[in-house]
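The values are calculated or read from the model by the stated rules, or taken from the named source; none is laboratory data. Values in this document were obtained by computation on a predicted structure and should not be read as measured data. No Cβ is skipped: glycine too gets one built from the backbone with ideal geometry, and neighbour counts run over all protein chains shown. The accessibility values were calculated without ligands, DNA or RNA, using every heavy atom of the protein model including side chains. Shrake-Rupley method; radii C 1.70, N 1.55, O 1.52, S 1.80 Å.
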Amino acid sequence: MTHVVSIGTYLPPWTVRERRVKGPDEDALTMAVAAGRAADPDATAARVVLVSRDFPLLEGGNGAVLLAALSLPADTPVAEVLGGAPAVLDQLVSAVPGTLIIGADDNDLAVGAAAALTGDEGVPVAAAARQTRSLPLTARGEDGTRHTYADPRLQREVGVRSTLARLGLRGTRTVVAVAGAPPAQLGSDLDTSGAVADATASAAASIRLLADAIEAGAEGLLLAVEQATISAAELALNGTRPRIFRDEFPPRDLPKTRVADGVGIPISMPAYARAFEPKIRWEAAVFDESPGIDSAPQFPPRLRVNNAGQLATEYRLEPLPRTGTVYTHTTVRIPVPDLPSPYSLAVVQLDDSPVRVLLKVTGVPAGAATIGQEGIVVLRKIATRAGIPDYGYAFWPGRTLVARGAKA
């Protein structure tokens, strides 16, 4: 049995024809970070599990960015699991206290992320039943192309209902949430009259629907479906209600952008490695005060020389604030390779800090930021260089940090 102490969700602010879509500087990893920080704003997790079918780097490399952006130590165990809603529910019900489970989606069917933090107390979620069966109605080839065998009746009868029959979940059992299938596909053996549902093939759906059920005060079965595989868990509300943080901005139309033809700036792995820690961990160097060197934070961290011409190499790292105000800004409208244009840049005065940083503006149309506008610093995919995503921070004006300590 697992106890859930906190839940965080994230949805990108953009839509195309009333469907949520990611921004050009977002992917499964940046959305996972947003949900993870919402669920664990104080960075208390002792273990992280990221579940997705849409990793930006299938060859590895997600874990280091994930931990750094979540402000967790680099020695924190992190697992990257390939899967959808059942995999997320499986990880949740088997997690030890202090585990942050994140489901992230970045595909044509679903975008967004959700995270749950486990602890010693909280709402209990226990494994109820599970069946893993093969019915590959959707598959992906070596070239990354999806192949779909479209047969809704086969999915319903041979996939969902046949698997449910094996689970033995019949009678008066109440279903409070269904991820991965419409409740009508379950048949009449289960009470789904009050169930919340997300029929898309979404990894985040299991956690997002768990939050919906808790907010509705519902107890019963959580079902997670993917093709012919079903996981079931029992939700009870006899513990301390978890904190639920929803980083879900009201949707707006995705602005039109264009990218110029040509080759962009190639990635330099040595430069990437040198800049990784200060760039992704969002930390400044603080030196002990001495003649010629003050104690003001230096970003990015760099060595300094005192009045005697001696190189000061000893400093400590301090996290930088993640809120600030637009000091000045400009908008670039000439298309360039690798970068969707137009885009805005802003010099941001960080709150309670002398540090000003130059950041790309995100979350609003180009040119929409104004001087003096408050906002937050968020992880974004700054560019894709030679096929490698290059991560850094951007400024989202008009937003505030997810409130800490808020109750559902």
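Quick one: how many lysine pairs in the chain have C-alpha atoms under 28 angstrom apart, if they're 8 or more apart or on different chains?
So the count of such lysine pairs works out to 10.
Equivalent-ellipsoid semi-axes (√(5λ), Cα gyration tensor) for region 311-350, whole Å, largest first? Walk me through the numbers before you get to the answer.
Numbers: eigenvalues 192, 50, 18 Å².
Whole-Å semi-axes of the equivalent ellipsoid: 31, 16, 10.
In region 205-292, which trypsin sites (Lys or Arg not before Pro) are in a loop and have at most 10 other Cβ atoms within 10 Å, using DSSP for the loop call? All intermediate terms of the calculation are to be shown ahead of the outcome.
Values: sites: Arg208, Arg243, Arg246, Arg252, Lys256, Arg258, Arg274, Lys279, Arg281; in loops: Lys256.
When the trypsin sites (Lys or Arg not before Pro) of region 205-292 are filtered for loop state and at most 10 Cβ neighbours within 10 Å, Lys256 remain.
Are there GluC sites (Glu not before Pro) in region 101-163 that DSSP puts in a loop and that have at most 10 other Cβ atoms within 10 Å, and which ones?
Working: sites: Glu121, Glu142, Glu157; in loops: Glu121, Glu142.
Sparse-neighbourhood loop GluC sites (Glu not before Pro): Glu142.
Mind listing the phi-derived Karplus ³J(HN,Hα) values for region 225-238, rounded to whole Hz, using 6.51, -1.76 and 1.60 with θ = phi - 60°, and x for any glycine or proline?
10, 8, 6, 10, 9, 9, 10, 10, 9, 9, 9, 10, 10, 9
Among rounded, prolate and oblate, which fits region 92-241 when a ≥ b ≥ c are the square roots of the eigenvalues of its C-alpha gyration tensor, a/c under 1.5 means rounded, and a/b larger than b/c means prolate?
Details: a/c = 1.95, a/b = 1.27, b/c = 1.53.
It is oblate, given that a/c is not under 1.5 and a/b is not larger than b/c.
What percent do you get for the relative contact order of region 269-408 when only Cα pairs under 8 Å and 6+ apart count? Intermediate results must be reported in sequence, preceding the final value.
Details: 279 pairs, mean separation 26.2, N = 140.
Answer for region 269-408 is 19 percent.
State in Å² the accessible area per residue of region 309-408; use a 1.4 Å probe, count heavy atoms of protein chains only, and round to the nearest integer. Could the numbers behind the result be given before it?
Values: 4910 Å² over 100 residues.
Heavy-atom accessible area per residue stands at 49 Å².
Tell me the per residue accessible area of region 104-231 using a 1.4 Å probe; a whole number in Å² is fine.
Details: 5700 Å² over 128 residues.
Normalised by residue count, the accessible surface of region 104-231 is 45 Å².
In nm, what is the difference between 0.36 nm times the number of residues separating Leu303 and Asp288 and their Cα-Cα distance? Numbers along the way, then the final one.
Working: separation 15, 0.36 × 15 = 5.40 nm, distance 1.23 nm.
Separation in residues times 0.36 nm, less the Cα-Cα distance, equals 4.2 nm.
What residues qualify as long-range amide H neighbours of Tyr391, i.e. H under 5 Å apart, gap of 5 or more or another chain, H built at 1.01 Å from N?
Residues meeting the criterion, in which the H sits 1.01 Å from N, are Ile382.
Tell me, what is the percent relative contact order of region 192-336, built from C-alpha pairs under 8 Å that lie six or more residues apart? Walk me through the numbers before you get to the answer.
Details: 119 pairs, mean separation 20.5, N = 145.
For region 192-336, the relative contact order is 14 percent.
Just to check, using Stokes-Einstein with a Kirkwood Rh over alpha carbon pairs, what's the diffusion coefficient of the chain at 4 °C and 1.567 mPa s in µm²/s?
Numbers: Rh = 22.7 Å.
Using the Kirkwood radius from Cα pairs, D works out to 57 µm²/s.
Just to check I understand the Karplus step: with θ = phi - 60° and J = 6.51 cos²θ - 1.76 cosθ + 1.60, what whole-Hz values come out for region 119-132, glycine and proline as x?
With coefficients 6.51, -1.76 and 1.60, one gets x, 7, 10, x, 6, x, 10, 10, 5, 10, 6, 7, 9, 10 Hz.
Per DSSP H run of at least 4 residues, take -39500 (n - 2.57); add these up for the chain, divide by its residues and hand me the 222 nm value, nearest 500 deg cm²/dmol. Don't skip to the end; give the middle numbers.
Working: 6 runs with 60 residues, N = 408.
It comes out at -4500 deg cm²/dmol, rounded to the nearest 500.
All other residues with a Cβ under 13 Å from the Cβ of Val286 taken together, and with Lys, Arg as +1 and Asp, Glu as -1, what is their net charge?
Value of the local net charge: -3.
Remind me, relative contact order of the chain in percent, using alpha carbon pairs under 8 angstrom and six or more residues apart? Present the calculation step by step, with values, prior to reporting the outcome.
Numbers: 1012 pairs, mean separation 69.5, N = 408.
In percent, rounded to a whole number, it is 17.
Could you please state how large a percent of the accessible area of the chain is carbon and sulfur, counting protein chains only and using a 1.4 Å probe?
Details: 9720 of 18740 Å².
It is 52 percent, rounded to a whole number.
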